[in-house]
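Here's the structure, in structure tokens; my notes come after.
The values are calculated or read from the model by the stated rules, or taken from the named source; none is laboratory data. Predicted model only: the values in this text are computed from it and were never measured. A quick note on method: Cβ atoms are made from the backbone with ideal geometry, for glycine too, and the neighbour counts reach across all protein chains shown.
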Amino acid sequence: MSEQNLNSDQVKKNSKVNKKQYTEGNILKQLITNSIPMIFALGFMLSFSLIDTYFVAKLGTKQLAAITFAFPIVFILTGVAMGLGNGASAVISKAVGMGDERLVKRLTTDSIFIALVLVLLFSIFGTIFLDEIFILLKAGNDILPYIKSYMQIIFIGAVFLVIPLVGNSATRAIGDTKTPSMIMFISVIVNIILDPIFLFGWGPIPSLGIAGAAWATVCTRIVTLSLSIYILHFRDNMLTFEIPTYDEFISSAKSILQVGIPSVATNLIVPVGFGIIVGFVAKYGQDAVAGLGAASRIEIVTLAVFMAFSTVLGPFVGQNLGAQKLDRIKKAINYGHIFAILWGILTSVLLYIFAEPIARTFKDDDKIVAIMIMYLQIAPISIGLRGITINVTTTLNVLKKPLLASFLSISQVFLIFIPLAYFLSNYTQFGLKGIFYASLLSSTIVSIISYIILHKYIKVLTNEDSSL
């Protein structure tokens, strides 16, 4: 659907669509007040894997290693949905800034449909080639049955993951960050209740082992799916049952996928890279894989703060881009960088000091705990710098430079991290520790490059000589 073809009565303000505007008011206050609910929302979402890790660790080291091997594939599935959600958020927020209600509905509905189709294809492919995928990731024959037991259920329930993630992105695009937080909070509570019931059994429900973690996740996603549909359709009136013309759908899909596909690609880079790294770690044994899996999930939860800020920064940039208020965009980016450094210093210090008690909460096994401590005292040092990179890639996506954002992510993982990890672990005295040092170095290098690139692009965009 082209903007030129819209009738004048289609371009109007709507009290629901324009629930919150980012084009006026105190920038810092808007970023803080809207990020706080999203910090909880994404913290809750990422707690899913952390909660699963905690309970699965009670089953044994093989099961803990199994979900570590499964993590990249689950993250890929989530990345597809979140990437398309980012694309939807970018274009919907711009439509909100323009005050175009009909376009907001069309983009929201089409983004959900596109995400469903892509995730269904991914799930079918994953189910057919499940064995081959995990053999490629160097999963041993003793761990493969546990992986299959978990992943077969996850693939079946994948469709229930898509609508809540894409729907939440659409809700954030209109400036509402509290509702996604509420939905994620409910999902965590449900997951905490269902995990031990399905894993260890309760009353008439038998113990399902590692498969129970998958069933708990699927059942929880059904709950969030129902909530998301209700919010999008009945409360915010952001869905339409009007069948688009072929040209309308193609135009809508192009605008979503222009940002969505590079964003999906960017989201896939990290789990694919992690899968390769798991293969490197596997040669050090099951304990090393289990330790990496648990420690990396702890680290990811600390990154939820940056991901939360980016979900506000994206719509903020989109709305102000639509309103041609570029100075507000510059100030918001500056605030984001300062926050990233401060949060990074705080969390890395805390993880360094409390690495051992945190590790023993998950698994009281000296070998696994030692590996977790090693990871938590090295890799998280670069947390603040990774926050800057997230701010940069989020901004570049909304500014219609998604390929540049993808290039930065590709460079970090495939041009720097993986080669460094391979070299340091195989040709130096660091061994396993070299892989963790490689994570720290690659994050540092790409953060500096990312900042310089965005700094120069904003100067060109605003045609000013002042720096960020």
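Values for this structure:
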item: Matching residues in the range 171-216 - criterion: being over 16 Å from Leu232 (Cβ atoms), crowded, with 20+ Cβ neighbours inside 10 Å and hydrophobic (A, V, I, L, M, F, W, C); result: Val188, Leu194, Phe198, Leu199, Ile210, Ala213, Ala214, Trp215, Ala216
item: Among (1) over 30 Å from Tyr230 (Cβ atoms); (2) under 18 Å from the mean Cα position of the chain (by Cα) - the single one Ile154 does not satisfy; result: (1)
item: Residue list for the range 439-461, filter: crowded, with 17+ Cβ neighbours inside 10 Å, without any contact (Cβ under 8 Å) to a residue 60 or more places away in the chain and either among the small types (Gly, Ala, Ser) or farther than 26 Å from Phe423 by Cβ (or both); result: Ser442
item: Positions within the range 114-132 being over 22 Å from the mean Cα position of the chain (by Cα) and closer than 16 Å to Phe71 by Cβ, in sequence order; result: Leu130
item: Residue in the range 323-334 that is at negative phi, touching a Gly at 6+ places or on another chain (Cβ under 9 Å) and in a helix (DSSP H, G or I) present; result: no
item: Flag if Asp247 is acidic (Asp, Glu), in a helix (DSSP H, G or I) and buried (at least 20 other Cβ atoms within 10 Å of the Cβ); result: no
item: Residue within the range 56-70 that is surrounded by fewer than 19 Cβ atoms within 10 Å (Cβ to Cβ), modelled with pLDDT of 75 or more and part of a helix (DSSP H, G or I) present; result: yes
item: Residue within the range 114-133 that is under 20 Å from Phe241 (Cα atoms), crowded, with 23+ Cβ neighbours inside 10 Å and of a type in the set (Gly, Ala, Ser) present; result: yes
item: Test: Ile154 is in a helix (DSSP H, G or I), of a type in the set (A, V, I, L, M, F, W, C), at negative phi and buried (at least 20 other Cβ atoms within 10 Å of the Cβ); result: yes
item: Residues of the range 83-109 satisfying the condition of being surrounded by fewer than 23 Cβ atoms within 10 Å (Cβ to Cβ) and either part of a helix (DSSP H, G or I) or out of contact with any Lys or Arg (no Cβ under 7 Å at 6 or more places or on another chain) (or both); result: Gly97, Met98, Glu101, Arg102, Thr109
item: Among residues of the range 162-175, those that are assigned to a helix (DSSP H, G or I) and over 16 Å from Gly260 (Cβ atoms), counted; result: 2
item: Pair list, Cβ < 6 Å and 6+ apart or interchain, from the range 357-371 residues that are touching a residue at least 12 places away in the same chain (Cβ under 8 Å) and surrounded by fewer than 23 Cβ atoms within 10 Å (Cβ to Cβ) to residues that are among the acidic types (Asp, Glu) and assigned to a helix (DSSP H, G or I); result: Lys367/Asp287
item: Residue that is of a type in the set (A, V, I, L, M, F, W, C), in contact (Cβ under 8 Å) with a residue 24 or more places away in the chain, buried (at least 22 other Cβ atoms within 10 Å of the Cβ) and under 30 Å from Ala438 (Cβ atoms), where the choices are Val270, Val278; result: Val278
item: Subset tally (residues that are of a type in the set (D, E, K, R) and more than 17 Å from the chain's Cα centre (by Cα)) for the range 275-309; result: 2
item: Members of the range 297-350 that are under 28 Å from Phe55 (Cβ atoms), of a type in the set (Gly, Ala, Ser) and touching a residue at least 40 places away in the same chain (Cβ under 8 Å); result: Ala304, Ala308
item: Close pairs (7 angstrom Cβ cut-off, 6 or more residues apart or separate chains): under 20 Å from Leu116 (Cβ atoms) in the range 159-185, outside any helix (DSSP H, G or I) anywhere; result: Ala170/Met238; Thr171/Asp236
item: Search result, residues across the range 409-424 that are of a type in the set (Gly, Ala, Ser), farther than 16 Å from Ala295 by Cβ and crowded, with 18+ Cβ neighbours inside 10 Å; result: Ser409
item: Ser442 of a type in the set (Gly, Ala, Ser) and either under 30 Å from Gln258 (Cα atoms) or in a loop (DSSP other than H, G, I, E, B) (or both); result: yes
item: Members of the range 416-437 that are without any contact (Cβ under 8 Å) to a residue 40 or more places away in the chain and either among the polar types (S, T, N, Q) or under 28 Å from Asn334 (Cα atoms) (or both); result: Ile416, Asn426, Thr428, Gln429
item: Residue match in the range 292-310 (condition: buried (at least 22 other Cβ atoms within 10 Å of the Cβ), among the aromatic types (Phe, Trp, Tyr) and in a helix (DSSP H, G or I)); result: yes
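Results for (1) assigned to a helix (DSSP H, G or I); (2) among the aliphatic types (A, V, I, L, M); (3) closer than 28 Å to Ile147 by Cβ, shown as yes or no for each residue.
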site	(1), (2), (3)
Thr179	yes, no, no
Asp195	yes, no, yes
Phe198	yes, no, yes
Ser207	no, no, yes
Ala214	yes, yes, yes
Cys219	yes, no, yes
Thr224	yes, no, yes
